[in-house]
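The values are calculated or read from the model by the stated rules, or taken from the named source; none is laboratory data. Keep in mind the model is a prediction, meaning the values are calculated, not measured. Please note: Cβ atoms are built from the backbone with ideal geometry, for glycine as well, and neighbour counts cover all protein chains shown. Ligands, DNA and RNA are stripped out before the accessible areas are found, and what is left, the full protein with its side chains, is counted by its heavy atoms. Shrake-Rupley method; radii C 1.70, N 1.55, O 1.52, S 1.80 Å.
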Amino acid sequence: MDKKLFAEHIALLRSRYDAILDQCGFDTLNVYSGRPKVQFLDDNNYPFKVNPQFKALVPVTDNPHSWVIYRRGQKPKLLFYRPVDFWHYVPPAPQTFWSDEYEIELLSKPDEAKPFLHADNAAFIGETDGLEDWPLGETNPEQLISRLHWARAYKTPYEMACLRDANRIAVGAHRAAEDAFRSGASEFEINLAYLKAAGQGENRMPYGNIVGLNDHGSILHYTHLSDKRIPEAQLRSFLIDAGADSHGYCADITRSYAYRDGEFADLVAAMDIMQQQLVGQMKVDLPYPDLHRDCHLKVADILKRFDLIKSSPESAVESGLTGTFMPHGLGHFLGLQVHDVGGHQSGPEGGTNPPPADSPFLRTTRTIEAEQVFTVEPGLYFIDSLLGDLKDSGLAGEVHWDKVEELRPFGGVRIEDNVIVHADRVENMTRDCYAES
């Protein structure tokens, strides 16, 4: 990563943090990376997941017992944990593109951080387990966290570069996964092909990879990963939702495939075109829920064209019929977290703008602004439980059930890209990476 780009990023970040600390009445911010957690009735730890507000300040994602101490107007201090340990990997002292931007102190024991902390006019962000008698300051103050979450929606050029790189890695892995699918691999084998191509293990992945063959594509967060190969004559479809990491920033990409030509392949193609139309509609000052509603109209149009429903698209949306086939939201913020923070926030000081009553799972209710990053992921699924509810409802007569039964074994379709909204255009990072690979 470019050193100058990161220097500009940290300078902008420092100006944001200075203003936010001043607004909240704090001089110092103590941010803890976290500590490993021991599994119940065991002596092994759960995989370590860093405090996202720690990696917002420094691109370190895998080192527990570390701290960033940020004082207004001063260079950030990084307390970097390097124990004397012959059992586990000990990371080297940081000497990389970002290290010049911090005053770095090396810790050989967790308690060595304590003298660097003070609680006067200070705030602490992190989990307090094991820190009960430490001078932390005010713990996780809501007003401070709200302002930090609001600011994180606006990505710096460095953050955009990391997100592009995460997309590049993920797209290469998606291509490997498709190849594995077409060669007859099991879900487990497809996932191995993905991880190998990405060069990242499961613990580094930003979320558990969703790899579903045939009707497993109807399970929105399917992560079971069967090791059984499906005979070629029975192979129908493949849905993969998987990302990658770059310096703590996430990619989140979904693709759906038909194993052979036919109506389901045509459905995938129609959803792919529709998804790109939605991306093309994105612009500054457009409320994201408006785009979500238009997505439902487009889903209804596809349902009608494929003779799955009898209703007009407008009627199918108004009646809630489309909710059976697309029960989730259109997309969400993306950044240091897969479902990045602040999507329902009504202002920098906090407050909530909840999703519409008919779309309870919509993760973003903000108005689109420049420098924001979104996923756009329309879906169309044949989910047994939801179809069962629909059959028992007053809308059952609006469905061509014979056509539903034909497509039910294929599971469903989801197409997801990651986009940056600029003041004058929308950059589709995912499609750009596919075009380049």
How many residues does segment 212-244 contain that are hydrophobic (A, V, I, L, M, F, W, C), in a loop (DSSP other than H, G, I, E, B) and either in contact with an Asp or Glu (Cβ under 8 Å, 6 or more places away or on another chain) or modelled with pLDDT under 95 (or both)? 1
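May I ask you to list the residues in segment 115-126 that are surrounded by 14 or more Cβ atoms within 10 Å (Cβ to Cβ) and either among the charged types (D, E, K, R) or over 15 Å from V68 (Cα atoms) (or both)? If you could, list the steps in order and put the result at the bottom.
Initial filter on segment 115-126 (surrounded by 14 or more Cβ atoms within 10 Å (Cβ to Cβ)): 116-119, 121-126.
Selection gives N121 alone.
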Reported set for segment 20-49 where residues are within 18 Å of P76 (Cβ to Cβ) and either not small (G, A, S) or not in a loop (DSSP other than H, G, I, E, B) (or both) is I20, L21, D22, C24, F26, D27, T28, L29, N30, V31, Y32
Restricting attention to segment 102-148, which residues are touching a helix residue (DSSP H, G or I) at 6+ places or on another chain (Cβ under 9 Å) and part of a helix (DSSP H, G or I)? Q143, L144, I145, R147, L148
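Name the single residue that is farthest from K49 (Cα to Cα) among those in segment 219-240 being surrounded by fewer than 24 Cβ atoms within 10 Å (Cβ to Cβ) and either under 16 Å from the mean Cα position of the chain (by Cα) or of a type in the set (S, T, Y) (or both). Before the answer, list the steps.
In the first step, residues of segment 219-240 are kept if they are surrounded by fewer than 24 Cβ atoms within 10 Å (Cβ to Cβ); the result is 219-236.
From what's left, either under 16 Å from the mean Cα position of the chain (by Cα) or of a type in the set (S, T, Y) (or both): 220-223, 226.
Working: L220: 23, H221: 20, Y222: 21, T223: 19, S226: 26 Å.
Out of the qualifying residues, it is S226.
Is it the case that some residue within segment 84-98 is in contact with a strand residue (DSSP E or B) (Cβ under 7 Å, 6 or more places away or on another chain), surrounded by 18 or more Cβ atoms within 10 Å (Cβ to Cβ) and at pLDDT 95 or above? Before the answer, list the steps.
First pass over segment 84-98, keeping only residues in contact with a strand residue (DSSP E or B) (Cβ under 7 Å, 6 or more places away or on another chain): 93-94.
Checking which are surrounded by 18 or more Cβ atoms within 10 Å (Cβ to Cβ) leaves us with 94.
Pick out the ones that are also at pLDDT 95 or above and you get none.
So far as segment 84-98 goes, no, none of its residues is in contact with a strand residue (DSSP E or B) (Cβ under 7 Å, 6 or more places away or on another chain), surrounded by 18 or more Cβ atoms within 10 Å (Cβ to Cβ) and at pLDDT 95 or above.
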Of those in segment 149-197 that are in contact (Cβ under 8 Å) with a residue 12 or more places away in the chain, closer than 20 Å to A265 by Cα and part of a loop (DSSP other than H, G, I, E, B), the residue nearest to the chain's Cα centre (by Cα) is A185
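Show me the helices (runs of 4 or more DSSP H) entirely contained within segment 297-403 in which 3 or more residues are closer than 25 Å to D215 by Cβ.
Values: elements: 313-319, 322-325, 384-391.
Qualifying helices (runs of 4 or more DSSP H): 322-325, 384-391.
Look through V317, V299, V284 and report the one residue that is under 25 Å from the mean Cα position of the chain (by Cα), aliphatic (A, V, I, L, M), modelled with pLDDT of 95 or more and open to solvent by 10 Å² or more (accessible area, probe 1.4 Å). Full working, then the answer.
On the way: V317 fails: under 25 Å from the mean Cα position of the chain (by Cα); V299 fails: open to solvent by 10 Å² or more (accessible area, probe 1.4 Å).
Within the list V317, V299, V284, the selection yields V284.
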Got a sec? Which of E371, E405, E427 is at positive phi and modelled with pLDDT of 95 or more? E371
For segment 73-95, pairs from a residue that is touching a residue at least 12 places away in the same chain (Cβ under 8 Å) to a residue that is of a type in the set (F, W, Y) and open to solvent by 60 Å² or more (accessible area, probe 1.4 Å), with Cβ under 8 Å and 6 or more apart or across chains, are K77/F116; L79/F116
For segment 241-251, check the following and say yes or no: at least one residue is touching a Leu at 6+ places or on another chain (Cβ under 7 Å) and polar (S, T, N, Q). no
Looking only at segment 371-397, filter to residues that are of a type in the set (D, E) and under 28 Å from D261 (Cα atoms); which one of those is surrounded by the fewest Cβ atoms within 10 Å (Cβ to Cβ)? D384
Restricting attention to segment 302-314, which residues are under 17 Å from W401 (Cα atoms), out of contact with any Pro (no Cβ under 9 Å at 6 or more places or on another chain) and either open to solvent by 30 Å² or more (accessible area, probe 1.4 Å) or of a type in the set (S, T, N, Q) (or both)? R305, D307, K310, S311, S312
So, in segment 47-64, exactly how many residues are open to solvent by 30 Å² or more (accessible area, probe 1.4 Å) and in contact with a strand residue (DSSP E or B) (Cβ under 8 Å, 6 or more places away or on another chain)? 1
Qualifying position, being outside any strand (DSSP E or B), open to solvent by less than 50 Å² (accessible area, probe 1.4 Å) and within 27 Å of A166 (Cα to Cα), among L5, L12: L5
Total residues in segment 59-84, condition outside any strand (DSSP E or B), of a type outside the set (D, E, K, R) and touching a Pro at 6+ places or on another chain (Cβ under 7 Å): 3
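Would you say R204 is under 30 Å from A11 (Cβ atoms) and open to solvent by 70 Å² or more (accessible area, probe 1.4 Å)? Please lay out each step first, then the result.
Details: under 30 Å from A11 (Cβ atoms): yes; open to solvent by 70 Å² or more (accessible area, probe 1.4 Å): yes.
Here the answer is yes, as R204 does meet what is asked.
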